[in-house]
Amino acid sequence: SSSLVLLLSSCLIGSSNAFLSIPKSGVAVISSSLHAAPAKKVHILPTEEDVTTAVHRIVESSAKEAIASRGHFALAIPGGSVLKVLSTLEPSSDWVEKTTLAFVNHKCVAVDDVSSAIEAQAREKFLNRWGLTDVVSLSGTGDGEKEAAEY
């Protein structure tokens, strides 16, 4: 049977160029390297249900820990299967009220396009139900240059 792999913590170790400015030439030179995560940070779980349960537990405990130490929790998510996993999470406490959510990728589509926009999908699948309103949101249009400038 195939195993599902859940990568926790930092999956890649190295310097981030997430906000690298691309010059007008369109060519950016990145001088850092990425390294595989240490094996102790890679968790292999046998089923999708086990992965979902683990992610729920990690989000809940991370939220409670962050709020206890800093009074606030920040959660950054991509789209895809993470949306599916979070769609079944029922927050067990009031951590949502003290949470800011951001998306780690952005497409040049209308922000309310449920077929393409990760934010629209997240709102439909869980954000509205959770009552999470502190969301870092971009304008969401098909104009790539405008979106890049506003990023």
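Every number in this text was worked out from the coordinates using simple rules, so none of it is lab data. If you're wondering where the values come from, they're calculated on a predicted model, not measured in any experiment. Counting neighbours? That spans all protein chains shown, and the Cβs are built from the backbone with ideal geometry, glycine included.
Counting only other residues whose beta carbon sits under 11 Å from that of Ala74, what net charge do I get with K and R as +1, D and E as -1? Don't skip to the answer; put the middle values down first.
Numbers: positive: Arg70, Lys98; negative: Asp134.
Residues close to Ala74 contribute a combined charge of +1.
Of the peptides 35-42, 120-127, the ranking by mean beta-carbon count within 10 Å, highest at the top, reads 120-127, 35-42.
Computed extension gain for Ser87 through Ala148, at 0.36 nm per residue and net of the alpha carbon distance, reaches 19.1 nm.
Distance cut-off 26 Å, Cα to Cα: go down the list Lys41/Lys84; Lys84/Lys146; Lys40/Lys64; Lys40/Lys98; Lys84/Lys107; Lys40/Lys107 and report the pairs above it. Cα-Cα > 26 Å for Lys84/Lys146; Lys40/Lys98; Lys40/Lys107; rest within.
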